[in-house]
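A short worksheet on the structure shown next.
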């Protein structure tokens, strides 16, 4: 029997790349006859991609990387106007390079016992469906977020055909198929309000979803049953494969990794009682204004709980404070000495896995949500950008798996007060709360889903059969 090769085109940037490659590893674990070539686009402002792919090549010999030749990036001011439009323009500028790379891959395998079975495309890379069609290969789309986000994306083209204009914060609630509650405009992603390319990009990307042979989603049936059922009831939507939780549980190499700091954090956690520490972490790009940092500090102090706080700052070099200590209220570190640590980067997976951590104040990025559920740690919602507001809304209102702090916070918005922060943290840290019980139950269901016989395990098996024709 011929062996099968898949061509992966992950989205540019570390987050999308690592999610795509975790899916690749999951597929390889399921089928010894599979191999994968990943075509990597290097964003102008990312530096650690090559070291990450080198480390993965050493541990995963069945994954090969082709680093595509550099292209002239879109105008830099487009990043500020619409990150989504910038990313899609950047990806589309690689079409010639991708076509050449695929030609080389197919040519190199022509006299071997390996055949190319299909493409797996990050959802931002749907322009590459045309290349898959040129080579008569089936394209599968990978949604690095959840099924609710997929539901929103599938909703947008139909809405646009009816209304043909950018959404507004003043719009009435949206009835999105598969999402149980009417969705307030204020919790939709920034892109749908963006007149400088964000809205148009989302609609353009979403239109191509129906051109895929299948859609792979990083979720599991027990977490989002209603929305997943709604997809199977709509024959216009390609088959949807829930394969999650797909997580990098060994932690990811990070350019800011400081092993001495990691050792200090983990040693301190070892000394704390079980479920006694609140972890505050807001992703690689999650940062706050100086007044908001101070409110968070006062809120933590007011709550009285032990804490580990990863403080991030804007990428702008004009940021007035770069050391965590410079942003904190006067005397804060002295008053909280011994019961908390303020740091820059923190090893999120290792921290969430630690028995001492009992709550997680999070930006509600989807990977962070899945990690917190895996380890049974309740989330306090403080979304910042992308689809995080929608994630927070559903986690609180639909799934009952998080404690509400804010559902509609955005950078530059109204301050979240210290009182609100202290109150939500206190609720999340209650040992017998309903949210904590539900999170523990969902943690077990998520682990069972990826075990042999679990729903996600079965879904991946079916996906591989459909991709390779071995049904």
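Residue by residue through the range 91-113, note down the ones that are touching a helix residue (DSSP H, G or I) at 6+ places or on another chain (Cβ under 9 Å) and in contact (Cβ under 8 Å) with a residue 40 or more places away in the chain.
Here is the first cut: in the range 91-113, the ones touching a helix residue (DSSP H, G or I) at 6+ places or on another chain (Cβ under 9 Å) are 91-92, 94-95, 98-99, 102.
Scanning the range 91-113 gives 91, 94, 98, 102.
Taking residue 222 as the residue in question, decide whether it is surrounded by 16 or more Cβ atoms within 10 Å (Cβ to Cβ) and not in a helix (DSSP H, G or I).
Yes, satisfied.
Name, by its number, the condition in (1) under 30 Å from residue 412 (Cα atoms); (2) assigned by TED's automatic domain parsing to the domain that holds residue 188 that does not hold for residue 221.
(1)
Going through the range 354-368 one residue at a time, which ones are outside any strand (DSSP E or B) and in contact (Cβ under 8 Å) with a residue 40 or more places away in the chain?
Filtering the range 354-368 down to residues outside any strand (DSSP E or B) leaves 354-356, 363-368.
Result: 354, 355, 356, 363, 365, 366, 367, 368.
Out of the residues in the range 409-429 that are part of a helix (DSSP H, G or I) and out of contact with any strand residue (DSSP E or B) (no Cβ under 7 Å at 6 or more places or on another chain), state the one that is surrounded by the most Cβ atoms within 10 Å (Cβ to Cβ).
421
What number goes with the only condition from (1) in contact (Cβ under 8 Å) with a residue 24 or more places away in the chain; (2) touching a strand residue (DSSP E or B) at 6+ places or on another chain (Cβ under 7 Å); (3) over 28 Å from residue 150 (Cα atoms) that residue 395 does not pass?
(3)
Mind listing just one residue for me: the one in the range 392-408 that is buried (at least 24 other Cβ atoms within 10 Å of the Cβ) and out of contact with any helix residue (DSSP H, G or I) (no Cβ under 6 Å at 6 or more places or on another chain) and, of those, nearest to residue 227 (Cα to Cα)?
Checked the range 392-408; the qualifying residue nearest to residue 227 (Cα to Cα) is 395.
One residue is enough: does the range 244-257 have a residue meeting the conditions in contact with a helix residue (DSSP H, G or I) (Cβ under 7 Å, 6 or more places away or on another chain) and outside any loop (DSSP other than H, G, I, E, B)?
No, because not a single residue in the range 244-257 is in contact with a helix residue (DSSP H, G or I) (Cβ under 7 Å, 6 or more places away or on another chain) and outside any loop (DSSP other than H, G, I, E, B).
Working carefully through the options 250, 267, find the one that is under 30 Å from residue 443 (Cα atoms), surrounded by fewer than 16 Cβ atoms within 10 Å (Cβ to Cβ) and at pLDDT 95 or above.
After applying the criteria, what remains is 267.
Given the residues 76, 59, 55, which is the only one that is surrounded by fewer than 14 Cβ atoms within 10 Å (Cβ to Cβ), over 20 Å from residue 122 (Cβ atoms) and either touching a helix residue (DSSP H, G or I) at 6+ places or on another chain (Cβ under 8 Å) or touching a residue at least 60 places away in the same chain (Cβ under 8 Å) (or both)?
55
The values are calculated or read from the model by the stated rules, or taken from the named source; none is laboratory data. Nothing here was measured: the structure is a model prediction, and the numbers come from that model. No Cβ is skipped: glycine too gets one built from the backbone with ideal geometry, and neighbour counts run over all protein chains shown.
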